[in-house]
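In what follows, a structure is listed as structure tokens, so that the remarks can point back to it.
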Amino acid sequence: MKQAVDRVSRREWSAVVGFAVALVVMLQVPYMLGYVLAQPGTAYTGLLINVEDGSYLSAIGEGLGGAWLYHTPFTTEPHAAAFLEVFYLALGHIARVFNLSATAMWHGARAGTAAILWLALFGFISLFLKNAFQRWTAFLFAVLGAGFDWAWFPWEQADALSAAPLDWRMPEAHLFFGAMTYPHYAMNIVLILAVFVALGYALSDAIPEQRRWLLAVGAGIGNLVMGLVYPFLIFLTAGVAGASYLYLTWRARKILWRHAGVLFIAFAIPLPLFLYYQFVLMTNPVLQTWNAQAITLSPNPLHYILAYAPYLLLGALTLKQIRSSTHSPLAFLWIWVGVVAVLLYAPLNPQRRFVLGLNVPLAILATVGLCDVALPWLARTRAFVALSRRPNYSVAGLQKIIVISLIALTSLANVYVWISSAALLGFVQPYPLFRPVAELNAMDWLHANTARDAVILSAYWTGSFIPARAGNPVFVGQRYETIRFDDKRLATEKFFNAATDDAWRATFVREQGIAYVFWGRGERDLGAFDPAQASYLAQVFANDAVRIYRVVTP
């Protein structure tokens, strides 16, 4: 389906901006339903996917307090604060300037980064596709499209922590889902695109020398900022840049020293930051354990194949075009896909995070395969020609119907994600995404009446939100940041079990440095233990749903 070559006009950019704004508003609807339709006596926390995402609100809160070094409040082990979670600390500083709460800043960041992502995405696509129809096709494939990974396989055991099926449970796998959930996902993809654009121009033979090195510095700054948002993604940009260099060297049949210099600058600039990270992991046992616990492994590769099947099938039609061309920009996109495929199963803890942004190259490749190969072939078939000759039918019109149908088909998973999210927050309203107002009031009491370093013992689901709301550290509350998470969760369950020996409880709270015991819905669910009967606990707060006890020192 050949289209005239045209540049992106001001009118087209206006349409992109309008679409971006409309999509950003659409992504906020589930959250708005949560706030507007919260049942009397309950309040919406502002979270969607994970209760543990209160850790992001907690980091924003630390930034609100003026911190530029992160000290995890989800574990009791003493440790030095470090220059981590900088993106969320920075959001806290921004919130302080505009007098916003951590939750308001969280929502503002989600909306803002999503808008930036849609504009950056269209700009990136326009570098590869030179006509409006193809640009919009790729844009809609990337933004709205997903695949057909909708279930566990028969031989798999359903696991609440599993990322499968990707299309419904893994936000980083698709742009729509990712932008609806986490601002750092959208921000990371924007930075990846910026680094690749800067490197692409810097490695071009047609670029003036002075501009080449400025672009190399720009790529280095992009890598540096990305290291502040999510450090592990340096493996992605470095892998794609390195593989692209090898491809260019092989094609030129010689060592490209100038290109090597560009890549050296682009990755030397962020090097001190990553050396600092390595130093922290070597010298801070708590952060070292946190890093070791933060494992997000990839599911069975069949899940990825199903999730990206529409893109891969159409994109495969471009391979012949790449082989027959001495210079095809599509080769870079396939290199990106290939590097991600390797990283998804590399021996690194955050395996599945490397899929961030993969929709972008796949959407462009799928569009080229569809418009340059599949549709022209289809237009030559006897059935298509016969249909196009009927009244009110045309080749171009039929081709547009096919494209629109494919976009609609690949959007089904994200339509489900949006509807199910709206239903979850608007009508299901599960605890602890929605909490009793009395429980939040009790956390507010902690914030107003206890020392910021006073450790709180509570159930896991309660502890996941206390640092965000009250600012206190908790004994257990975050799967990755709580050191020895499984042991501490079991110890907490033992504490609230009525059958546990009371002498063990008294020794436990003192040895663990517990200052207060929070006793509400989550704690009562763990057992029938009544803290009012404990001589080592003194009640200091009570309302309709919660009691708080101070640990009494003998």
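Can you say whether A442 is in contact (Cβ under 8 Å) with a residue 12 or more places away in the chain, of a type in the set (A, V, I, L, M), within 23 Å of D544 (Cα to Cα) and in a helix (DSSP H, G or I), as far as the supplied structure shows? In short, yes. Determine if segment 374-390 includes at least one residue that is charged (D, E, K, R), open to solvent by 60 Å² or more (accessible area, probe 1.4 Å) and under 25 Å from L121 (Cβ atoms). No, every residue in segment 374-390 fails to be charged (D, E, K, R), open to solvent by 60 Å² or more (accessible area, probe 1.4 Å) and under 25 Å from L121 (Cβ atoms). Residue by residue through segment 275-311, note down the ones that are part of a helix (DSSP H, G or I) and open to solvent by 60 Å² or more (accessible area, probe 1.4 Å). Across segment 275-311, the qualifying residues are L275, Y276, Q278, F279, M282, T283, P285, Q288, P301, L302, I305, L306. Checking each residue in segment 312-353 for being outside any loop (DSSP other than H, G, I, E, B), open to solvent by 30 Å² or more (accessible area, probe 1.4 Å) and of a type in the set (S, T, N, Q) picks out only Q321.
From the set of residues in segment 531-554 that are assigned to a strand (DSSP E or B) and within 37 Å of the chain's Cα centre (by Cα), which is surrounded by the fewest Cβ atoms within 10 Å (Cβ to Cβ)?
First, the residues of segment 531-554 that are assigned to a strand (DSSP E or B): 537-542, 547-551.
Checking the rest, the ones that are also within 37 Å of the chain's Cα centre (by Cα) come to 547-548.
Working: R547: 19, I548: 25.
The extreme case among them is R547.
Filtered by the rule that a residue be open to solvent by less than 30 Å² (accessible area, probe 1.4 Å) and acidic (D, E), segment 519-530 gives a lone residue, E523.
Among the residues making up segment 485-533, those that are among the aliphatic types (A, V, I, L, M) and over 24 Å from A451 (Cβ atoms) are L490, A498, A499, A503, L526, A528.
Cβ separations smaller than 6 Å between residues 6+ apart or across chains give the following pairs from segment 280-292 residues that are touching a residue at least 24 places away in the same chain (Cβ under 8 Å) and under 13 Å from F485 (Cα atoms) to residues that are surrounded by 16 or more Cβ atoms within 10 Å (Cβ to Cβ) and among the acidic types (D, E): W290/E481. Within segment 471-530, being of a type in the set (V, I, T) and part of a helix (DSSP H, G or I) holds for T492, T507, V509. Of the candidates A164, A241, A194, A179, the single residue that is surrounded by 18 or more Cβ atoms within 10 Å (Cβ to Cβ), in contact with a Ser or Thr (Cβ under 8 Å, 6 or more places away or on another chain) and on the phi < 0 side of the Ramachandran plot is A179.
When E511, E493 are checked against the criterion of being closer than 21 Å to H79 by Cα, among the acidic types (D, E) and over 30 Å from the mean Cα position of the chain (by Cα), a single residue qualifies: E511. One residue alone among L358, L365, L370 is modelled with pLDDT of 95 or more, open to solvent by less than 50 Å² (accessible area, probe 1.4 Å) and over 28 Å from the mean Cα position of the chain (by Cα), and that residue is L370.
For (1) open to solvent by 10 Å² or more (accessible area, probe 1.4 Å); (2) over 25 Å from Y70 (Cα atoms); (3) of a type in the set (A, V, I, L, M), each residue gets a yes or a no:
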{"residue": "A423", "(1), (2), (3)": "yes, yes, yes"}
{"residue": "W461", "(1), (2), (3)": "yes, no, no"}
{"residue": "E493", "(1), (2), (3)": "yes, yes, no"}
{"residue": "D502", "(1), (2), (3)": "yes, yes, no"}
{"residue": "R510", "(1), (2), (3)": "yes, yes, no"}
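Annotation for segment 182-200: no member residue is touching a helix residue (DSSP H, G or I) at 6+ places or on another chain (Cβ under 6 Å), closer than 13 Å to H303 by Cα and not aromatic (F, W, Y). Can you spot a residue in segment 396-408 that is open to solvent by less than 30 Å² (accessible area, probe 1.4 Å), hydroxyl-bearing (S, T, Y) and within 29 Å of the chain's Cα centre (by Cα)? The answer is no, given that none of the residues of segment 396-408 is open to solvent by less than 30 Å² (accessible area, probe 1.4 Å), hydroxyl-bearing (S, T, Y) and within 29 Å of the chain's Cα centre (by Cα). Of the candidates A132, A142, the single residue that is at pLDDT below 95 and not aromatic (F, W, Y) is A132.
Apart from one condition, G66 fits all of (1) at positive phi; (2) in contact with a strand residue (DSSP E or B) (Cβ under 9 Å, 6 or more places away or on another chain); the exception is (2).
Quick one: in segment 62-86, of everything that is outside any loop (DSSP other than H, G, I, E, B) and open to solvent by less than 30 Å² (accessible area, probe 1.4 Å), which residue is nearest to T283 (Cα to Cα)? Quick ask: steps written out before the conclusion?
Initial filter on segment 62-86 (outside any loop (DSSP other than H, G, I, E, B)): 62-64, 70, 82, 86.
Add one more test, that the residue is open to solvent by less than 30 Å² (accessible area, probe 1.4 Å), and what stays is 63, 70, 82, 86.
Details: G63: 24, Y70: 15, A82: 11, V86: 19 Å.
So, considering only residues that are outside any loop (DSSP other than H, G, I, E, B) and open to solvent by less than 30 Å² (accessible area, probe 1.4 Å), the one nearest to T283 (Cα to Cα) is A82.
In segment 31-59, how many residues are assigned to a helix (DSSP H, G or I), hydrophobic (A, V, I, L, M, F, W, C) and modelled with pLDDT of 95 or more? Before you say what the answer is, go through the steps one by one.
At the first step, the residues of segment 31-59 found to be assigned to a helix (DSSP H, G or I) are 31-36, 51-59.
Checking which are hydrophobic (A, V, I, L, M, F, W, C) leaves us with 32-33, 36, 51, 57, 59.
Those left that are additionally modelled with pLDDT of 95 or more: 32-33, 36, 57, 59.
Here the count works out to 5.
Select from segment 135-153 the residues that are in a helix (DSSP H, G or I) and open to solvent by 10 Å² or more (accessible area, probe 1.4 Å) and write down the one among them that is farthest from I305 (Cα to Cα). Show your work before the answer.
Filtering segment 135-153 down to residues in a helix (DSSP H, G or I) leaves 135-144.
After this cut, where a residue has to be open to solvent by 10 Å² or more (accessible area, probe 1.4 Å) as well, the list is 136, 140, 144.
Working: W136: 24, L140: 20, L144: 18 Å.
Selected residue: W136.
The values are calculated or read from the model by the stated rules, or taken from the named source; none is laboratory data. The structure displayed is predicted, hence computed values, not measured ones. Note that we place each Cβ from the backbone using ideal geometry, even for glycine, and neighbour counts take in every protein chain shown. SASA here: full protein model, heavy atoms, side chains in, ligands and nucleic acids out. Shrake-Rupley method; radii C 1.70, N 1.55, O 1.52, S 1.80 Å.
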